[in-house]
Amino acid sequence: MILTAQDVEKTYAGTGEPVVALRRVSLTLAAGEFVAVMGPSGCGKSTLLHVCGAMDRPTSGSVRIGERDLATLDDASLTRLRRETIGFVFQFFNLLPMLTVRENIALPQLLGGANPAKTLAEATAMATRVGLAHRVDHRPAQLSGGEMQRAAIARALVHRPTLLIADEPTGNLDSANGAHVLDLLVELHRETGVSILLATHAEEVAALADRVVRMKDGRIEREERRVACA
């Protein structure tokens, strides 16, 4: 398994009553599998993705990526794991405004000490793959929403991760751009074999997944496996 989460709980302590975001959630993701997580706002989708993507630690339970138990890793090791093994796509793109598309795509690898010339060349190739060859020297303010999300997808996949975490990747796009981004994600999933864990509100997005996990009140209510058409 690429990902194994077992009996995961997450509680946020604040000034008032603690907020329980996840309640004994167990989830697996096989190599090359595309799993969509659905549910209403506040059901725990984003928290689950953050925990599974090593961006947050669970209050209890265990998360393994491949053979690595995340509880055994210190913060520096978790950072290295995210940089080398996981790609992230979020609703609001998270591109740095002062950098070009090429530089934004290359940034995570450059921060990790990769060879600049090689990394920028790989970023250019990935920008071309997602249809942004004519935009590599543009900054985010010069791009449409759909173009910004394609740049974010390129940044997430340029280092060839085994796991892609996508949190509402079409949530900030109109229907036409959202459809184009979805088509691109599906194409890249098939081309690269990357495993995808994606959170969404949209049934049309979930319909593209191999399996749908439905959540409510911090728990998994049920799972649905899609049947491929002959």
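Using the structure shown, decide if ALA76 is among the hydrophobic types (A, V, I, L, M, F, W, C), outside any strand (DSSP E or B) and crowded, with 22+ Cβ neighbours inside 10 Å. Talk me through it step by step, then tell me what you get.
On the way: among the hydrophobic types (A, V, I, L, M, F, W, C): yes; outside any strand (DSSP E or B): yes; crowded, with 22+ Cβ neighbours inside 10 Å: no.
Criteria not met by ALA76.
So, in region 172-226, of the ones that are of a type in the set (Gly, Ala, Ser) and surrounded by 15 or more Cβ atoms within 10 Å (Cβ to Cβ), which residue ends up nearest to GLY42 (Cα to Cα)?
First, the residues of region 172-226 that are of a type in the set (Gly, Ala, Ser): 175-176, 178-179, 193, 195, 199, 202, 206-207, 209, 218.
Checking which are surrounded by 15 or more Cβ atoms within 10 Å (Cβ to Cβ) leaves us with 178-179, 195, 199, 202, 206, 209, 218.
Details: GLY178: 22, ALA179: 25, SER195: 25, ALA199: 12, ALA202: 15, ALA206: 18, ALA209: 22, GLY218: 8 Å.
Only one residue tops the list, namely GLY218.
Can you report the number of residues in region 122-150 which are within 13 Å of HIS180 (Cβ to Cβ) and of a type in the set (A, V, I, L, M)? It would help to see each step written out before you state the result.
To start, the set of residues in region 122-150 that are within 13 Å of HIS180 (Cβ to Cβ) comprises 130-132, 144-150.
Within this subset, residues satisfying the condition of being of a type in the set (A, V, I, L, M) are 130, 132, 148.
Count: 3.
Can you tell me which condition GLY87 does not meet? The list is (1) under 27 Å from LEU110 (Cα atoms); (2) without any contact (Cβ under 8 Å) to a residue 40 or more places away in the chain, and all the others hold.
(2)
Scan region 156-185 for residues that are part of a helix (DSSP H, G or I) and touching a strand residue (DSSP E or B) at 6+ places or on another chain (Cβ under 8 Å) and report the count.
3
Within region 161-169, can one find any residue that is surrounded by fewer than 20 Cβ atoms within 10 Å (Cβ to Cβ) and among the hydroxyl-bearing types (Ser, Thr, Tyr)?
yes
Filter region 186-228 down to residues that are within 25 Å of GLN6 (Cα to Cα), in contact (Cβ under 8 Å) with a residue 24 or more places away in the chain and in a loop (DSSP other than H, G, I, E, B), then give me how many there are.
Qualifying residue count for the region: 7.
Within region 127-147, does at least one residue satisfy the condition of being surrounded by fewer than 18 Cβ atoms within 10 Å (Cβ to Cβ) and either closer than 30 Å to VAL20 by Cα or within 16 Å of the chain's Cα centre (by Cα) (or both)?
no
In region 123-146, how many residues are assigned to a helix (DSSP H, G or I) and either among the β-branched types (Val, Ile, Thr) or over 23 Å from ALA209 (Cα atoms) (or both)?
Initially, region 123-146 is screened for residues assigned to a helix (DSSP H, G or I), giving 123-129, 133-135, 140-142, 145-146.
Now restrict to residues that are either among the β-branched types (Val, Ile, Thr) or over 23 Å from ALA209 (Cα atoms) (or both): 123-128, 133-135, 140-142, 145.
Residues that pass the stated criteria total 13.
Being in contact with a Leu (Cβ under 7 Å, 6 or more places away or on another chain), of a type in the set (Lys, Arg) and buried (at least 17 other Cβ atoms within 10 Å of the Cβ) narrows it down to one residue among ARG82, ARG102; which is it?
Exactly one of ARG82, ARG102 is in contact with a Leu (Cβ under 7 Å, 6 or more places away or on another chain), of a type in the set (Lys, Arg) and buried (at least 17 other Cβ atoms within 10 Å of the Cβ), namely ARG102.
Computed from the coordinates by the stated procedures, all read-outs in this text should not be read as laboratory data. Remember, predicted model here, so these are calculated numbers, not experimental data. Glycine also receives a Cβ, built like all others from the backbone with ideal geometry; neighbour counts cover every protein chain displayed.
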